[in-house]
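Take a look at the structure below.
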Amino acid sequence: MNELILSLLSAVLAALGGWVAKNLIPYIKSKTTLAQQEKINGWVTTAVTAAEQMKRKPGSGDEKFAFVRDFLLKMGVDLSEDEIEVMIESAVKRMKAGVL
């Protein structure tokens, strides 16, 4: 009788382990990625706002971009120049629309 219960319990645990590996782990990974993306978006928004505040003179777009890029690199964000530029442009658009 104990062997039957042990075999049944082993089968249930194996099925549960398979379900966790198939469903729960990808779910956790997707949430972590989303959390990281939200953190990066927050840093971009903060850096863009700071750059706009500190460098108000016309034609200082390159300086502002460099400021935001350098800030993100210091925070450990590993993005290409193009990805950073897209995020900056999006944050600037939201700021001008009054969404930030």
What is the spin-label model distance, in nm, from E38 to A11 if the labels are put 7 Å beyond Cα along the C-beta direction?
4.2 nm
Take L9, L72 and order them by how many other Cβ atoms sit within 10 Å, fewest up front.
L9, L72
Which length gain, in nm to one decimal place, applies between E89 and D70 when the Cα-Cα distance is subtracted from 0.36 nm times their residue separation?
5.2 nm
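Read-outs throughout are calculated quantities, based only on the coordinates presented, and are distinct from any laboratory measurement. Note that this is a predicted model, so its numbers are computed, not measured. Heads up, the Cβs are rebuilt from the backbone with ideal geometry, glycines too, and the neighbour counts pull from every protein chain shown.
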